[in-house]
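Below is one structure; the comments refer to it alone.
The values are calculated or read from the model by the stated rules, or taken from the named source; none is laboratory data. Just so we're clear, the structure is a prediction, and the values are computed from it rather than from any experiment. Reconstructed Cβ throughout: ideal geometry from the backbone, glycine too, with neighbour counts over all protein chains shown. Note: areas computed on protein heavy atoms with side chains; ligands, DNA, RNA excluded. Shrake-Rupley method; radii C 1.70, N 1.55, O 1.52, S 1.80 Å.
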Amino acid sequence: MAFADRATLTTGAVARAAVSCTHCGLEVPSGLVDDGATRQFCCTGCRTAYEILHEHGLDQYYRFGERREEAVRPSGRTYEEFDHDAFHALYVRRHPDGTAQVELYLEGVHCASCVWLVERVPLLLPGVGGAELDIRRSLARVVWDPSALPLSRVACMLDSLGYPPHPFRGVKRDEVRRHEDRAMLVRIGVAGAIAGNIMLAAFALYAGWMGGMEHEWQVFFRWLSLLLVTPALLWPGRVFFAGAWAALRTRTLHMDVPIALGLGVGYLQGAVNTMRDAGPIYFDGLALLIFLLLVGRYLQQRGQRAAADGAELLYSLTPSTARVADDTGAVREIPAEALLPGMTLDVRPGETLAADGVVTRGRSQIDAALLTGESRPASAAEGDVVYAGTVNLSAPLRVRVEQAGESSRVAKILQQVEESARRRAPVVETANRMAAWFVGAVLVLAGITFVIWEFRAPGTAVDNAIALLIVTCPCALALSTPLAVSMAIGRAARSGIFIKGGDAVESLARPGVVFLDKTGTITEGRTALVEWVGPAWVKPLVLALETDATHPVAAGFRDAWAGMPAPVVDDVRHVPGGGVTGRVDGHTVSVGSPRFVREHAPSDASVDALLGRLDTARTPVLVAVDGAVVGAAAFGDPVRADAGPAVGALRARGWEVRVLSGDAQAVVDAVGRALDLPRTACLGGASPEEKRRVVERAHGERSVVMVGDGVNDAAAMAAATVGVGVHGGAEACLATADVYLTRPGLDALVDLVRGAERTMHVIRRNLAFSLVYNVIGAGLAMAGRIDPLVAALLMPASSLTVVISSWQARTFGRRN
């Protein structure tokens, strides 16, 4: 009867029409449906958020056609660390009027309704003067009065609305960048406005030459052009003269020298011709050239900045806050920067350690894969040393802080990353290697042209020299490499490959040695059941016992036997670092490490034989039922399906492939055998520092590429010629990487190398085009066949050729 009643209730629940949450729109669980109520909520968080909005008259939020379809789940944090002096010193900026400003990274930002809601926070909290949300970066800029309310109340309000805040660590960097960008954009705007007005005057003069114009108007437009171009040279164009002067002071030649010389001589000659009321003026070409060169420099600066964006992200590995327990046992949150040696951390399961220290209480499993590369969790008990950046997996720990902040191990590794990046000899682009010789040749030829024509026809000597400087303007040569690289980088991004700079493309086009990290790069980066020895009837018992466990081994069982029905479990007991035991369907079942299971079941030679059937490079797990060992499982990190073909393709293209891992040597050897690599090409047990030394020793005449996904790879990636971060990698690793592969697997690495080779072919073709053009143009100018006006018209031809060549190139194929 009870079973029938249960079935009837289940059927009734199924028959009930789905009810949507008033706040988020998700389906309300049947147990939370309030019969007869006009407003239904899927959780307490959504109910609270709705009440806050409704109370303050912000029901307009629900009129948005697109809004977040996600339940509001407040974290429950007090955010008291936001009121700490150390937090304010790092993240808060004070205004003269007594208000303060902070930038917070918000979770859960999705669409325009999020922007509308976050920017209405001043209506919810008196004392908040303003809130602006950058939806692209999920950054909220909040201005508030600290004397009216603490910052923690603002953070709690954002949390209750479904946007948990975190301090943004790049505040100072972004402030400097905004100032630089604003100054550069103002220069570009001024140069563009001046160029547009001068072009209007030039069109009038050109039309007058063809159709006739009164002499007074010709004089007017010539003087107007001179007056307009003068401020363009003195302010927006000043950067080129400053660069040329700096080059001459350091006795070097680069692109700014002929650009500044051409601009200066063209301006002076145009001014003289304006005053003489005879001869061409070049002011329209000069103004347009200044504008285009500034735009190109701005775009180049943005690209270089993207490569350096990782500097702030490196430190996002460790948490921004930490829970500290005092002598009385009370626990409070403080900023991680305020941690001092001797403090006691309270670290709960699933949390990341904020400092290096020694475990003083508790026993747990620690996931150090991002720091050491070891794919298997390590046990941590009283007296063991644990490090910042590692994750506590299974049980609470108390840790006495030994090293915090910049003295922690992860911080020292990241400092090595920055030092390696600064020491790295830059791969000079092909065009830049030719720039000094090209600039010197142009200056010499201009001088020779002037001398020759000064004797032959003194009246044309200056015009011919200026024509040579203009027609051989190094724009095409300057564009040949960055334009081809920019086009290639854009196409690579559309295929799921993000490249930070052209030097990486050039290095990847030359075969060398490539080091592959194992965990997460060659392998899938997860704990999986790879071998099972035992009867089938044991599987449901094991699955039932591991259903609610959080350990990676439990997840491996669930993934391998998904969909298998599991019986009811009673009296489950988890032993950190050992395993789990309990009553399942009337049987006593124990699952865990061999040592743990042998404590619950007699051990004999048959158990050793059972373990002997497993791969020694895997993690063994035994299963005992009613005091007898009946099964064994081997867990490991499976090799990706595309790893073998990808390694073969790289070796076929001339690359030497090696495996460099922090995992055990036996595990690395097994992976090497799967990839058909020699034993000498596989190095295991390497610490982050050792990885860096190995990569540095490999440097020579060839390119050195490091491919990885963890913080333990970051220092080696910075020391390599090119660092490649793979899909799913740690932020610190990806921040250091020159290339990021968004597609899982190593197929993308092969596409990267192939695309780099094609890009270098396009660069060489562009250089050939620009050099041939400059040789022909210089010859015509020296022969007196073209004047400065014709040279100004011919100058864009080489640039246009380079643009078309780069645009039509198929360097990287599009991937869906």
Accessible surface, region 20-133, averaged per residue in Å² (probe 1.4 Å): 52 Å²
Largest-first principal axis extents of the Cα set of region 619-663 (Å): 58, 21, 9
Counted charge near Ala681, where neighbours are those whose Cβ lies closer than 13 Å (Asp, Glu -1; Lys, Arg +1): +2
Length-normalised contact order of region 32-113 in % [C-alpha pairs under 8 Å, at least 6 apart]: 28 percent
Other-chain or far-sequence residues with amide H under 5 Å of Cys682's (modelled H): Val659
Kirkwood-based shape ratio for region 174-239, expressed as Rg/Rh from alpha carbons: 1.20
Enclosed volume per residue, in Å³, of the convex hull spanned by Cα atoms of region 106-153: 68 Å³
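How many percent of all Cα-Cα pairs in region 79-140 sit more than 17 Å apart?
Working: 917 of 1891 pairs.
Tail fraction, whole percent: 48.
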Area accessible to solvent at Thr801, 1.4 Å probe radius, in Å²: 60 Å²
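Mind ranking 685-696, 74-85 by how tightly packed they are, going by the mean number of other C-beta atoms within 10 angstrom, highest first?
Details: 685-696: 19.7, 74-85: 16.8.
Put in order of decreasing packing, that is 685-696, 74-85.
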Principal axis box of region 193-284, alpha-carbon based, largest edge first, Å: 50, 26, 18
Selection from Leu508, Ala484, Ala528, by position along the positive dipole direction of region 461-552 (Cβ): Ala484
Intensity falloff of region 576-663 expressed as log10 I(q)/I(0), Debye formula with alpha-carbon point scatterers, at q = 0.11, 0.26 Å⁻¹: -0.48, -1.27
